[in-house]
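Asker: Before anything else, here's the structure in question.
Please treat every number below as a calculation from the coordinates, not as lab data. What you see is a predicted model, and the numbers here were worked out from it, not measured in a lab. Glycine gets a Cβ as well: all are built from the backbone with ideal geometry, and neighbour counts include every protein chain shown.
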2 protein chains.
Amino acid sequence: MRRDGTRIQTVMDEIRSRITARMYSPGARIPSVRAMAKAEQVSVSTVLEAYERLAAEGALTSRPGSGFYVAGPSAPLALTELGPKLDRAVDPLWISRQSLETSSDRLKPGCGWLPASWMYERGVRKALRSAARSETSTLTEYASPLGHLPLRQFLTRRLANFGIDAPFQNIMLTESGTHSIDLICRFFLEPGDTVLIDDPCYFNFQALLKAHRVNVIGVPYTKSGPCVESFGAALQAHSPRLYITNSGIHNPTGATLSPVTAHKLLKLADSTNLIIVEDDIFADFEHTPAPRLAAFDGLSRVIQIGSFSKTVSASARCGYIASREDWIEGLIDLKIATSFGGGRLAADIVYRTITDSGYRKHMEWIRTKLSSEMDKTLSALEAIGMKPWLHPKAGMYAWCQLPQAKDAAGIAKACLAHGVVLAPGNAFSQSMCAGDYLRFNVAQCADPRVYEVLQRAMDGPH
Amino acid sequence: MRRDGTRIQTVMDEIRSRITARMYSPGARIPSVRAMAKAEQVSVSTVLEAYERLAAEGALTSRPGSGFYVAGPSAPLALTELGPKLDRAVDPLWISRQSLETSSDRLKPGCGWLPASWMYERGVRKALRSAARSETSTLTEYASPLGHLPLRQFLTRRLANFGIDAPFQNIMLTESGTHSIDLICRFFLEPGDTVLIDDPCYFNFQALLKAHRVNVIGVPYTKSGPCVESFGAALQAHSPRLYITNSGIHNPTGATLSPVTAHKLLKLADSTNLIIVEDDIFADFEHTPAPRLAAFDGLSRVIQIGSFSKTVSASARCGYIASREDWIEGLIDLKIATSFGGGRLAADIVYRTITDSGYRKHMEWIRTKLSSEMDKTLSALEAIGMKPWLHPKAGMYAWCQLPQAKDAAGIAKACLAHGVVLAPGNAFSQSMCAGDYLRFNVAQCADPRVYEVLQRAMDGPH
């Protein structure tokens, strides 16, 4: 047992390092005293004392009735602390770096994509051969500002299937889904603005928003979408400029939005100038489409973005933004200024691949395979004591709780040393309230070593 | 002749519209009274009166001895005014939009790239066929955080030829040269920081920096590089964080940096914490390499960036950043947060193309062809009264002055109506002092219609 003084120091050090790492940017509100006490498993009075000492030092400022905020500016922008790869802190970029960096002999149940062997490789090869015979301009020239017309026309038809009316003039291609969100943030946000995200949500939303120096508020995610009460309260309290969410299948929970939640959210947003960004990258994994906010709203305050990285190729990357026409015009300028006309070849390859007759069949196979892997993975995880939050209807993610409130970050570090990359819950959680959760990618969980290494780590000192 | 009151109104309207269009962002210093008087061809007292009325309205603030600044914030971020395509104002994005948007039957002496028929098309086709046979991961998986290793190793060797010691661990691939600069700006700059650019310089530097909400100071460019005295004075007066410049062949002037200027610049920077970004995208066009700041400096305060869009393909785009190792680590995080691991296929295609035995020969052919087109274009332009600023040693750009201080923006608009896209000088000039210059791309000037349409426009009312 640590003495109280040590505990206070520990909390202070933790907050300081998060500020240094820009996990909390200047002006941002830090977790409430209660949330921090829960996350760090210390008493409320310990956290309060730590916060007040930091305020006395000038690292935090306190606003009565509102909470504690990070003081002053610092530079240069560091999204995380530097450090040796295996030792780096488990922050929102930890999973990305580990998944992208580790060699292919590692097992990656924590990563966010399908194994290469599942991808529609035959289609991509065919597309490349066919691109090799295309006209010169396709091979060497810049893309037009909106991007490859046939792909935009394809997207218009595809969006129509989800009830979204998006003429191809209102669709701009980008380098990726992440690039789409980044452009939208740059277009609408000023430093210090407030953005709502789901809690938990895709960890890279947090990393991205840190780069925008904005204030981020998490809205608890329920089994049928964001908690409507919390969403309404956040609208009232913070006048957020953006809300960024997944449509279709939610990352990391695998939950889907219900029509009633969708309707209520948009009704709450009615009297505000909130803009909603709906990230639709998992659309092709759904058996039956969940409701889309963009369909309910008619692309008035909702912007839909997506990409093909999850189903076609993350090597030939291409994303899109479907939005109101007046916003598209400004987004084009911003895209040119910050990346010029890019990704023409990738858009061409993606278009050739998804319009190939085999693609639809391949996706049918993927959906079926994901269903059976979901069942197998959940059974195997339950067998070693993990508790699934829900049984997802579709997709590749399973969100599972460790037994006895074990520390997922510690377990993830232990497993990494044995060649298994996991995705610990707090990397997804703004409030750091998912410390005993892990996200599993069921498509990456077939190897029994995943469960062996995990079990050993769970039996360890964490 | 307009009355004085009308002239004052005109200047006020002009400044207001530039503020609305975010050409001048909040907090930015607007052109000096003298520069504006010269650009608008009105008297100094007219401009002074206009500025003071705007200050009275609250649109500007005046700082005695320093000049006039844009007041308060506005939102959302608009890099330019919206408007019909042909009518839009000639701003730094005008040339990009016109060049990227217009159909291929237009003549584009103003655009910044080689005609598709000049590109190493055979090599790109071969690379695509060969990529179609590569391993699955190349086709479908995300890139590693630093990007394709063989291409980074190639860059290490290539940079060594310019005297730059850049181990491949210090090189990160990006989506494009523009993306490289954007990442660097996001990493180092806070809104309100000051950045130096050349005046004139590549117009997209200005558009990009506007998106970063920073204060931009132009340093006059001479025939041997930036004016050393102005550079020193700007360092003293503004403590800039970054200086962004071209190495090798300067865009738009075609001038090259002399060793003595390079040495003096770095000496001036010695006692400051200025970071210099050297954009090296025209390296392959040089017959004999000009000095590189990165070579003199040893990648200490200089970061070199580049891409292959000008010589290999603007469709399969790929750029790079060569920098100090401690900066690379933070840049990786920022790249993942804002675009995840992208562009793997493009990097693969580029690598296959440039290591193909035919590429070197093709570039030899390009350099020879550019030399002869440079001579022909300059002769043809001189024949209709244009005056070249200098005869460039290499590259595709010729920077030429119109006779009788004619207005390049007006002439560019007139020519656009006749299917010819020009690049008017003030789009390149921070101080708007190049209103009677045009940049010509000699590789796009073979068609005699270019000179016919230009001559007709010059004889018109401008």
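Asker: Stick to the Cα atoms of the protein assembly as shown, pair each with every other, and give me the Kirkwood hydrodynamic radius in Å at one decimal.
Answerer: It works out to 28.8 Å.
Asker: Using only C-alpha atoms and all pairs of different ones, pull out the Kirkwood radius for the stretch B:191-234 in Å with one decimal.
Answerer: Taking the inverse mean of 1/r over all distinct Cα pairs, the stretch B:191-234 comes out at 10.8 Å.
Asker: I would also like to ask the following. Once every DSSP H run of n ≥ 4 in the protein assembly as shown is given -39500 (n - 2.57) and the sum is divided by its residues, what mean residue ellipticity at 222 nm do you get, rounded to the nearest 500 deg cm²/dmol?
Answerer: -13000 deg cm²/dmol
Asker: So which trypsin sites (Lys or Arg not before Pro) in the stretch A:116-146 end up in coil per DSSP with only 12 or fewer other C-beta atoms within 10 Å?
Answerer: Within the stretch A:116-146, the qualifying trypsin sites (Lys or Arg not before Pro) (loop, at most 12 other Cβ atoms within 10 Å) are A:Arg133.
Asker: Now for a different question. Between B:Arg449 and the same site in the other copies, what are the distances in nm, shortest first, taking label points 7 Å from Cα along the C-beta direction?
Answerer: Distances between equivalent label points, in nm: 6.4.
Asker: Neighbour counts of other C-beta atoms within 10 Å: give me B:Val219, B:Val450, B:Val44, A:Val42 arranged from fewest to most.
Answerer: B:Val44, A:Val42, B:Val450, B:Val219
Asker: Using all C-alpha to C-alpha distances in the stretch B:236-311, build P(r) with 10 Å bins and read off the rounded percent in each one.
Answerer: Taking all Cα pairs of the stretch B:236-311, the binned fractions are 19, 52, 25, 4 percent.
Asker: Label-point separation (nm) for A:Arg129 and A:Arg53, each offset 7 Å from Cα along Cα-to-Cβ?
Answerer: 6.8
Asker: If you scale each eigenvalue of the Cα gyration tensor by 5 and take the root, what three semi-axes come out for the stretch A:211-258, rounded to whole angstrom and sorted largest first?
Answerer: Three semi-axes, in Å: 20, 14, 8.
Asker: Compute the signed sum of charges (Lys and Arg +1, Asp and Glu -1) over the other residues within less than 10 Å, Cβ to Cβ, of A:Ile164.
Answerer: Computed value for this residue: -2.
Asker: Give me the angle, in degrees from 0 to 90, between the Cα long axis of helix B:4-20 and the longest principal axis of the Cα atoms of chain B, rounded to the nearest 10.
Answerer: 30
Asker: Sort the stretch B:212-350 into rounded, prolate or oblate with this rule: let a ≥ b ≥ c be the square roots of the eigenvalues of the Cα gyration tensor; rounded if a/c is under 1.5, and if a/c is not under 1.5, prolate when a/b is larger than b/c, oblate otherwise.
Answerer: Judged from the Cα gyration tensor, the stretch B:212-350 comes out oblate (a/c at least 1.5, b/c at or above a/b).
Asker: Say a label goes 7 Å from Cα toward Cβ at A:Asp270 in every copy; what distances in nm does this one have to the rest, shortest first?
Answerer: Inter-copy label distances (nm, one decimal, shortest first): 7.0.
Asker: Enumerate by residue number the GluC sites (Glu not before Pro) in the stretch B:122-231 meeting two conditions: DSSP loop (anything except H, G, I, E, B), and at most 13 other Cβ atoms within 10 Å of the site's Cβ.
Answerer: Sparse-neighbourhood loop GluC sites (Glu not before Pro): B:Glu135.
Asker: What nm value, rounded to one decimal, do you get for the distance between A:Arg367 and B:His418 when each label is placed 7 Å out toward the C-beta?
Answerer: In this crude spin-label approximation the distance works out to 5.8 nm.
Asker: Among A:Thr253, A:Pro240, A:Leu268, which residue has its Cα furthest toward the positive end of the charge dipole of chain A, with +1 on Lys/Arg Cβ and -1 on Asp/Glu Cβ?
Answerer: Among A:Thr253, A:Pro240, A:Leu268, the one farthest towards the positive end of the dipole of chain A is A:Thr253.
Asker: Under unit Cβ charges (Lys, Arg +1; Asp, Glu -1), what dipole magnitude, rounded to 20 debye, does the protein assembly as shown have relative to its Cα centre?
Answerer: Magnitude of the dipole: close to 1180 debye.
Asker: Return the equivalent ellipsoid semi-axes of the stretch B:388-454 as a descending list in whole Å, where each equals the square root of 5 times an eigenvalue of the C-alpha gyration tensor.
Answerer: 17, 17, 10
Asker: Filter B:Lys38/B:Lys223; B:Lys267/B:Lys393; B:Lys264/B:Lys369; B:Lys38/B:Lys210; A:Lys223/A:Lys406; A:Lys210/A:Lys264 down to the pairs with a C-alpha to C-alpha distance above 31 Å, please.
Answerer: Correct reply: B:Lys264/B:Lys369.
Asker: Could you work out the relative contact order of the stretch A:307-354? I mean the mean sequence separation of Cα pairs under 8 Å and 6+ apart, divided by the number of residues, in percent.
Answerer: 48
Asker: Where nothing but the Cβ of Lys and Arg (+1) and of Asp and Glu (-1) is charged, how large is the charge dipole of chain B around its Cα centre, in debye to the nearest 20?
Answerer: 640
Asker: Ordered shortest first, which distances in nm separate the 7 Å Cα→C-beta label point of B:Lys126 from those of the other copies?
Answerer: Between copies, matching label points for B:Lys126 lie 2.8 nm apart.
Asker: What is the helix-to-structure angle for A:344-354, meaning the angle in degrees between its Cα long axis and the longest Cα principal axis of chain A, kept from 0 to 90 and rounded to the nearest 10?
Answerer: Once rounded, the angle reads 80 degrees.
Asker: Net charge around A:Phe205, counting only other residues with Cβ within less than 12 Å of its Cβ (Lys, Arg = +1; Asp, Glu = -1)?
Answerer: My count for the surroundings of A:Phe205 gives -3.
Asker: Can you tally the net charge around A:Asp193? Count Lys and Arg as +1, Asp and Glu as -1, for every other residue whose Cβ sits under 10 Å from the Cβ of A:Asp193.
Answerer: The answer is +1.
Asker: With each label point set 7 Å from Cα along the Cα-Cβ vector, what nm distance links A:Glu452 and A:Ser271?
Answerer: About 6.1 nm, to one decimal.
Asker: Related question: As I understand it, the dipole of chain B uses +1 on the Cβ of Lys and Arg and -1 on the Cβ of Asp and Glu, about the Cα centre. Which of B:Gly425, B:Gln169, B:Thr222 lies farthest toward its positive end?
Answerer: B:Gly425
Asker: Please tell me the relative contact order of the stretch A:344-458 in percent, rounded to the nearest whole number, where contacts are Cα pairs under 8 Å and at least six residues apart.
Answerer: Over the stretch A:344-458, the number comes to 25 percent.
Asker: How big is the dipole moment of the stretch A:181-321 about its Cα centre under a simple scheme where the beta carbon of each Lys and Arg is +1, that of each Asp and Glu is -1, and everything else is neutral? Debye, nearest 20, please.
Answerer: Once rounded to the nearest 20, the dipole reads 120 debye.
Asker: Next question, about the same structure. Evaluate peptide B:302-309: per residue, the Cβ atoms of other protein chains within 10 Å of its Cβ; return the mean as an integer.
Answerer: Shielding by partners across B:302-309 averages 1.
Asker: Continuing with this model, one more query. Would you kindly calculate the translational diffusion coefficient of the stretch A:137-292, applying Stokes-Einstein with the Kirkwood radius from alpha carbon pairs, for 37 °C and a viscosity of 0.692 mPa s, and quote it in µm² s⁻¹ without decimals?
Answerer: In µm²/s, the coefficient is 197.
Asker: Sticking with this structure for a sec: Would you list the P(r) distribution for chain B, with all Cα-Cα distances sorted into 10 Å bins from 0 and each bin expressed as a whole %?
Answerer: All Cα pairs, binned at 10 Å, distribute as 4, 20, 30, 27, 14, 4, 1, 0 percent.
Asker: For the Cα atoms of chain A, what angle does the longest principal axis make with the long axis of helix A:357-383, in degrees from 0 to 90, nearest 10?
Answerer: The angle comes out near 20 degrees.
Asker: Here's a follow-up. Please state the relative contact order of the stretch A:137-229 as a whole percent: Cα pairs under 8 Å, 6+ residues apart?
Answerer: After rounding, I find 20 percent.
Asker: Here is a follow-up. Count the DSSP beta bridges whose two residues both fall in the stretch A:214-303, then state the antiparallel fraction as a percent rounded to the nearest 5.
Answerer: For the stretch A:214-303, the DSSP antiparallel bridge percentage is about 25.
Asker: Per residue of A:173-181, count partner chain C-beta atoms within 10 Å of its C-beta, then hand back the mean as an integer.
Answerer: Neighbouring Cβ atoms belonging to other protein chains average 4 per residue here.
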